[in-house]
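Just below is one structure, and these are the notes that go with it.
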Amino acid sequence: MTDQPQTIEEILKARLAVTQEISAVTAEQLRLMQLIGGMSVLEMGGKDPERVGEEMARHRAALARCEEEIAALEGRMAALDGRLERRIEGGET
């Protein structure tokens, strides 16, 4: 697998990129959680329950996708951390 980062510098750059991706997806996750919370208030107030329910279902599905993406990104980060650890222990640059 030649497309994987090889040097410590490449691994660190890849790790930074994954960190940025996690940050972006986590921001979207927070946004969706806030939307769902707001819609819950509308639902309790009896505001157009059918429409609110549909919107909440759509947001919950998007939230589940964010959680899956975060888990995948965390897996990529763990793999990079393992490679970094092996490089450092091996004394390679």
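The values are calculated or read from the model by the stated rules, or taken from the named source; none is laboratory data. Everything numeric here is computed off the predicted structure, so don't read it as measured data. Here Cβ is always computed from backbone atoms with ideal geometry, including for glycine, and neighbour counts include all displayed protein chains. Surface accessibility is based on the protein's heavy atoms, side chains included, excluding ligands, DNA and RNA. Shrake-Rupley method; radii C 1.70, N 1.55, O 1.52, S 1.80 Å.
Residues that are within 26 Å of Glu89 (Cα to Cα) and of a type in the set (A, V, I, L, M) were ranked within segment 1-35; the one that is modelled with the lowest pLDDT is Met1. Look at segment 27-51: where a residue is under 22 Å from Ala64 (Cβ atoms) and a partner is open to solvent by less than 100 Å² (accessible area, probe 1.4 Å) and of a type in the set (D, E, K, R), sitting 6+ places away or on another chain with Cβ atoms under 6 Å, you get Met39/Glu55. A single entry from Ile36, Ile11, Ile22 fulfils the requirement of being in contact with a Pro (Cβ under 6 Å, 6 or more places away or on another chain) and assigned to a helix (DSSP H, G or I): Ile11. Checking Arg76, Arg58 one by one, the residue that is at pLDDT 95 or above, surrounded by 12 or more Cβ atoms within 10 Å (Cβ to Cβ) and touching a helix residue (DSSP H, G or I) at 6+ places or on another chain (Cβ under 9 Å) is Arg76 and no other.
Out of curiosity, is Glu28 open to solvent by 60 Å² or more (accessible area, probe 1.4 Å) and assigned to a helix (DSSP H, G or I)? It is true that Glu28 is open to solvent by 60 Å² or more (accessible area, probe 1.4 Å) and assigned to a helix (DSSP H, G or I).
Restricting to segment 53-88, count the residues that are within 14 Å of Ile11 (Cα to Cα) and either of a type in the set (Val, Ile, Thr) or in contact (Cβ under 8 Å) with a residue 60 or more places away in the chain (or both).
Residues flagged as within 14 Å of Ile11 (Cα to Cα) and either of a type in the set (Val, Ile, Thr) or in contact (Cβ under 8 Å) with a residue 60 or more places away in the chain (or both) within segment 53-88 amount to 7.
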